[in-house]
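The structure under discussion appears below in the form of structure tokens.
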Amino acid sequence: MSRFIHLLLCLALCAPIVSWAQVKLDIIPLKHRTTDQVLPALQPLVGEDAALSGANNRIFIRADAATRLAVKQAIEAIDTPLRSLMISVRHDNDDSIRREGAAVSGEVRAGGVSVGTADQGEDGTVIEGRSGDSRVATRVWSTRGNSADRLSQRVQVVEGGSAFIQVGSSIPVPFTQIIAGPRGGAISQGTEYRDIGSGFYAMPRVNGDQVTLDISPQKESLSETQYGEIRTARLVSTVRGRLGEWMELGGSGYSEQIGERGITRYGTRDVQSQRRLWVKVDVVR
């Protein structure tokens, strides 16, 4: 009985030594990815009895043989070459302006007295009538203008990185102002330059043929209807779609109707504007 108890004690003492002998340190170099990109995916594979860390593009794993094998297999699947991505952003701007109105001009004479108003228009059709020395003209106009602005920008970025691109220019804008002084007002004229630019910031994340994109595009332009006004369109969004397909980020629109009335003149102006943003991510072959 004493020999049997002695044998059990020896086995109990040797078991931790055998188990400790299986725990080793492996240093695994990374070829394509960084440790920050790989470590989060490896953490669930490591138990409390193992040690996992990374530095200088190397993964350090101290664990038993099964855990070390699982970590190596995971690194082989994750440590793949980084792909180059092309991010394209497209701005579609459509504006329309419609003007309608009528104005009366001419001169009416009666009893040696004449009353008249000048024709200040340039557009439309003039219908004129005369009676003796009196003359009355009616100008009627209806015009419509359309403009389309298409802006496309592209930037290349390595998978897992972020990109920023912006282009712009300085636009001269003439101005006139009245400066009040002790001797009255003085008119000052000059030109000031306003900087306008368009661009976007983007960070793509690719999983298979799906891409998730954090993006913030911005576009500035001179107003077609308000002189000297700079219009800015800005959007912050996260979208998901397939590689190589256009995804709509969003859009905006506005309409403005202005009417003017006078004794001899009537007119309306209708302004419509639509803004749409699109994005696409392609893999550069």
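The values are calculated or read from the model by the stated rules, or taken from the named source; none is laboratory data. Note that the coordinates shown come from a computational prediction; the quantities given were computed from them, not determined experimentally. All Cβ positions, glycine included, derive from the backbone under ideal geometry; neighbour counts span all protein chains shown. All accessible areas refer to the heavy atoms of the entire protein, side chains included, with ligands and DNA or RNA removed. Shrake-Rupley method; radii C 1.70, N 1.55, O 1.52, S 1.80 Å.
Here are the numbers:
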| read-out | value |
| --- | --- |
| Cβ-Cβ under 8 Å pairs, at least 6 apart or on other chains, the stretch 250-264 side under 30 Å from LEU235 (Cα atoms), far side modelled with pLDDT under 65 and surrounded by 10 or more Cβ atoms within 10 Å (Cβ to Cβ) | GLU256/THR225 |
| Count of residues meeting criterion [outside any loop (DSSP other than H, G, I, E, B), at pLDDT below 75 and loosely packed, with under 13 Cβ neighbours inside 10 Å] in the stretch 235-285 | 10 |
| Any hit, the stretch 5-21, residues being outside any strand (DSSP E or B) and modelled with pLDDT of 90 or more | no |
| Unmet requirement for VAL155, which otherwise passes all of (1) modelled with pLDDT under 80; (2) surrounded by 10 or more Cβ atoms within 10 Å (Cβ to Cβ); (3) part of a strand (DSSP E or B) | (1) |
| Criterion (surrounded by fewer than 15 Cβ atoms within 10 Å (Cβ to Cβ), among the hydrophobic types (A, V, I, L, M, F, W, C) and closer than 20 Å to VAL158 by Cβ) met by exactly one of ALA66, ALA41, ALA51, ALA55 | ALA41 |
| Selected residue (criterion: least open to solvent (accessible area, probe 1.4 Å)) from residues of the stretch 180-213 that are of a type outside the set (D, E, K, R) and part of a loop (DSSP other than H, G, I, E, B) | GLY208 |
| Selection within the stretch 158-169 - in a strand (DSSP E or B) and at pLDDT 75 or above | VAL158, ALA163, PHE164, ILE165, GLN166 |
| Strands (runs of 3 or more DSSP E) contained entirely in the stretch 24-106, each with at least 1 residues that are over 30 Å from ASN146 (Cβ atoms) and polar (S, T, N, Q) | 51-55 |
